[in-house]
Amino acid sequence: MLIPAGKSARMTAVIVLLASAAVYAQDASYPIKPVRIVSNAAGGGSDFVARLIAPKLSEALGQQFVIDNRGAISAEIVARSAPDGYTLHANGPPLWVTPLLRPAPYDAVKDFAPIIMAVSTPSILCVHPLLPVKSVRDLIALAKARPGQLNYAAGTIGAAPHMAAELFKSMAGVDIVRVPYKGSGPALVGLITGEAQIMFPAASGIEYIKQGKIRALAVGSHERSPLLPGIATIAESGVPGYESASPQGLFAPAKTPSAIIARLNQEVARILTAPELKERLFSTGVQVIASSPEAFGAAIRADIARTSKLIKTAGIKTE
């Protein structure tokens, strides 16, 4: 049977409206089953934050939010998951820096929808207390007077301490030599013992700074950090435009409905900004950000552009 053109158009419109209403109803009732938050190794920065958020999301939304540690394949798992809000990803810079250094089975921008930048910690330019410098300008002057003689500690290639140091080298125009360690923890020990002279740790260095075991010269954040009041930024201390920080946040697979993204963002932001949790995170050396999805996405794209340029100009390669 042929349907008149006008009637066909009206029927099509009704079908579209009914489908849209069904999708909206599904998003409005989210979640109706447990949600999995896939993270890297247990104990990492993003994993730690996810484990603080998950039980409170369970309370607020009435379904279990379960942490699933899947190591190096965690991002791939989420990228290939259904975009329905039931598989999320907790990660930070490794998500978008790794594909810049080696082939990855996902696209950090196209395959993920940012939900929220939960927290961030600035890189901190630190030196061993016996190094005769008291400021960033002192360090630059010493490094230029002794090219290739000063060293910096760093663990994994592409990790925050490594990239922060290489960015400093490039922007300050100094020749300092990398001393490789098996991880950021051993690298920090190397700085404390004097085996290395310079390092750019993040939260892990704050307690040792307070104890006087290492000296903080400046922070890598765009603005001064409340985590280290009284410490200037690297940008205002002789390296204009320098910025290096480690944000941690939540992601969903690309094409996850915007209503689900918005609800998760709202709930996580509320949880993070509650005084008790905010203070607990602050005491561990991380600052609550609780950004919008759009702001998180913009920050990632900006960091990808900056890091891509650095990798090319510095000739950084995986070993």
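The numbers here are math on the coordinates, done by the rules we state, and not lab data. Note that the structure is a prediction, hence the values are computed from the model and not measured. A quick note on method: Cβ atoms are made from the backbone with ideal geometry, for glycine too, and the neighbour counts reach across all protein chains shown.
Note on the chain: with charges restricted to the Cβ of Lys and Arg (+1) and Asp and Glu (-1), its dipole about the Cα centre is near 320 debye. Measure up K169/K210; K110/K255; K182/K317 against 20 Å on the Cα-Cα distance and list the ones that go over. Result: K169/K210 exceed 20 Å. Round to the nearest 0.05 the FRET efficiency obtained for A72 and D138 when R0 = 35 Å and r is the Cβ-Cβ distance. Efficiency computed from Cβ-Cβ geometry: 0.30. Dividing the summed -39500 (n - 2.57) terms of all DSSP H runs of n ≥ 4 by the residue count of the chain sets its mean residue ellipticity at 222 nm at -14000 deg cm²/dmol. Full extension of the chain segment joining A298 with R102 gains 68.3 nm, where the gain is 0.36 nm per residue of separation less the Cα-Cα distance. Beta-bridge orientation, the chain: approximately 55 percent antiparallel, per DSSP, counting only bridges with both partners inside. Three semi-axes describe the equivalent ellipsoid of the stretch 124-243; taken as square roots of 5 times the Cα gyration tensor eigenvalues and ordered largest first, they are 18, 17, 14 Å. A Förster radius of 30 Å combined with the Cβ-Cβ distance from K33 to A305 puts the calculated FRET efficiency at roughly 0.20. Comparing mean-square fluctuations of L131, L95, L217 from a GNM of the chain with C-alpha springs under 10 Å, the top value falls on L131. Taking the square roots of five times each eigenvalue of the Cα gyration tensor of the stretch 55-172, the equivalent ellipsoid has semi-axes of 39, 18, 11 Å, listed largest first. Placing R0 at 45 angstrom, the Cβ-Cβ distance between L130 and V109 gives a FRET efficiency of 0.55 after rounding to 0.05. Consider a paramagnetic label point 7 Å from the Cα of D175 along Cα→Cβ; state which residues of the stretch 134-169 have an amide N under 14 Å from it. Backbone N within reach: 143-151. Length gained on full extension, K182 to A254: 22.6 nm, using 0.36 nm per residue less the C-alpha separation.
Largest GNM mean-square fluctuation across Q149, Q287, Q63, computed for the chain with C-alpha springs under 10 Å, falls on Q149. The alpha-carbon atoms of the chain, seen along their principal axes, cover 88, 41, 33 angstrom, with the largest extent given first.
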